[in-house]
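> Okay, handing you the structure first.
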Amino acid sequence: MPHDTLQRPLTDLRISVTDRCNFRCGYCMPLDNYDWLDKNEVLTFEEIIRIARIFVQLGVEKIRLTGGEPLARRDLDQLIAGLTPLDGLLDICLTTNASTLAEKSHTLKAAGLRRINVSLDSLKPDKFRKITKRGDLGKVLEGLRAAKSTGFNPIKINTVIERGVNDDEILDLVSFSLEHGFAIRFIEFMDVGNSNDWKSTRIVPKAEILRIINSQFPLEEIGRKNGTAPSVDYRCTNGTGDIGVIASVTEPFCSSCTRGRITADGKFVTCLFANTGYNLKVLLRGGISDVGLLEKLRSVWSKRSDRYSEERLVALQSHKGYDPRNRKKIEMISLGG
Ligand code: SAM
């Protein structure tokens, strides 16, 4: 298994299966017009499975399918069915906005998917619409219900908390997740991509999120799963609940980041905040052997030195401050969250 220059192994892979999304969340990619990838630029399922197989040979144990909106990719269950038999792969997860999950839940389960993460930032229909621009809360709740009755476990809710937007719903979202047996992860608003008009004043820091939850649901800390997960997890002191906070801005976790990413058009990216990636599609379509590809992946990871969120925190705390516009980043929809 390769380790990077900071001795971090490569154990997790996030694969963006499309850059298309039917939502336009303000914190992610709010633009109506975007230079979308042509269909022939997007990796085929065969190409994704081949890349995944070689990553697994290198030590990847966990794959998350994301996007864009991964359920916008037709026949996603066929990709899952091609990934599940990979020898050494312990876990496949899907991150989705769940707007079409109700109709796909059974085929995804039958293909071998066991875990689902659903993005849900508000339980108020009007606000949900405002945040997503195009989303229908009813459809997402229907998707969550379908996932539960299909037997996905765990089902995890991802909520990006933005000051003045949905910080008033933290307790309602915790109640909702406890009531339905969902895990929930609150995520600090991050400066991903180039279009979300990120300002540090719009973050609700982890400490404040925890203070709000503790006021009604006293928590005890469990910690980071495997020591490397982005989320610090908690449960209620009465033993119930699975609540976590992902504090990329105020408590960066670069030093334990074991995640690589593949963009929808086949670039291997070694940091969520990267401005470039290594083009694997050219190699695949140029006829590279499996051994050649494995060595290339090993070489890219071995040179990795990214620690963007740690550098951002230093800049935020310095007298100069931090301006996200100083670095152009790959958009979250291409990169996958
Ligand atoms: N469309 C899918 C979805 O909605 O879950 C998958 C892609 S989305 C980019 C993946 C995750 O990234 C979501 O959970 C979303 O909340 C998170 N995300 C996007 N922009 C973010 C930001 N600026 N700060 C924190 N999390 C963000």
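The values are calculated or read from the model by the stated rules, or taken from the named source; none is laboratory data. If you're wondering where the values come from, they're calculated on a predicted model, not measured in any experiment. Because the Cβ atoms are built from the backbone with ideal geometry, glycine has one as well, and the counts that use them run over all protein chains shown. In case anyone asks, the SASA skips ligands and DNA or RNA and just uses the protein heavy atoms, side chains included. Shrake-Rupley method; radii C 1.70, N 1.55, O 1.52, S 1.80 Å.
> Select the helices (runs of 4 or more DSSP H) contained entirely in region 116-229, then report the ones holding at least 2 residues which are within 29 Å of residue 255 (Cα to Cα) and more than 16 Å from the ligand (Cβ to nearest atom).
Per the criteria, 206-216.
> Take the residues in region 39-63 that are under 18 Å from the mean Cα position of the chain (by Cα) and open to solvent by 20 Å² or more (accessible area, probe 1.4 Å), then tell me which one is farthest from the ligand (Cβ to nearest atom).
My answer is 61.
> Residue under question is residue 43, and the condition is that it be touching a Phe, Trp or Tyr at 6+ places or on another chain (Cβ under 6 Å) and either touching a residue at least 24 places away in the same chain (Cβ under 8 Å) or outside any strand (DSSP E or B) (or both); does it hold?
So residue 43 fails the test.
> Just checking, which of 250, 276, 240 is of a type in the set (Val, Ile, Thr), open to solvent by 40 Å² or more (accessible area, probe 1.4 Å) and within 16 Å of the ligand (Cβ to nearest atom)?
Details: 276 fails: within 16 Å of the ligand (Cβ to nearest atom); 240 fails: within 16 Å of the ligand (Cβ to nearest atom).
Checking each option against the conditions leaves just 250.
> Name the single residue that is surrounded by the fewest Cβ atoms within 10 Å (Cβ to Cβ) among those in region 102-115 being within 15 Å of the ligand (Cβ to nearest atom) and not in a helix (DSSP H, G or I).
Among those that are within 15 Å of the ligand (Cβ to nearest atom) and not in a helix (DSSP H, G or I), it is 115.
> Separate question: For region 64-75, what are the residues that are within 16 Å of the ligand (Cβ to nearest atom) and surrounded by fewer than 23 Cβ atoms within 10 Å (Cβ to Cβ)?
Once the filter is applied, which keeps residues that are within 16 Å of the ligand (Cβ to nearest atom) and surrounded by fewer than 23 Cβ atoms within 10 Å (Cβ to Cβ), region 64-75 yields 64, 69, 72, 73, 74.
> OK, next. Out of 123, 137, 76, which single residue is in contact with a helix residue (DSSP H, G or I) (Cβ under 7 Å, 6 or more places away or on another chain) and closer than 30 Å to residue 38 by Cβ? Even if it seems obvious, please write down each step before you answer.
Values: 123 fails: closer than 30 Å to residue 38 by Cβ; 137 fails: closer than 30 Å to residue 38 by Cβ.
It is 76.
> For region 311-337, which positions are outside any helix (DSSP H, G or I) and either more than 12 Å from the ligand (Cβ to nearest atom) or more than 21 Å from the chain's Cα centre (by Cα) (or both)?
Initial filter on region 311-337 (outside any helix (DSSP H, G or I)): 318-323, 327-331, 336-337.
Residues satisfying the conditions are 318, 319, 320, 321, 322, 323, 327, 328.
> Another question about this same structure. Would you tally the residues in region 237-292 being among the aliphatic types (A, V, I, L, M) and without any contact (Cβ under 8 Å) to a residue 24 or more places away in the chain?
4
> Let me ask something additional. Return the residues of region 88-101 that are open to solvent by 30 Å² or more (accessible area, probe 1.4 Å) and assigned to a loop (DSSP other than H, G, I, E, B); say none if nothing qualifies.
Scanning region 88-101 gives 88, 90, 100.
> Only one residue in 251, 331 is of a type in the set (Asp, Glu) and modelled with pLDDT of 95 or more. Which one?
Criteria check complete, one pass: 251.
> If residue 266 satisfies every condition in (1) at pLDDT 95 or above; (2) within 15 Å of the ligand (Cβ to nearest atom); (3) open to solvent by less than 40 Å² (accessible area, probe 1.4 Å) but one, which is the exception?
Result: residue 266 passes all but (2).
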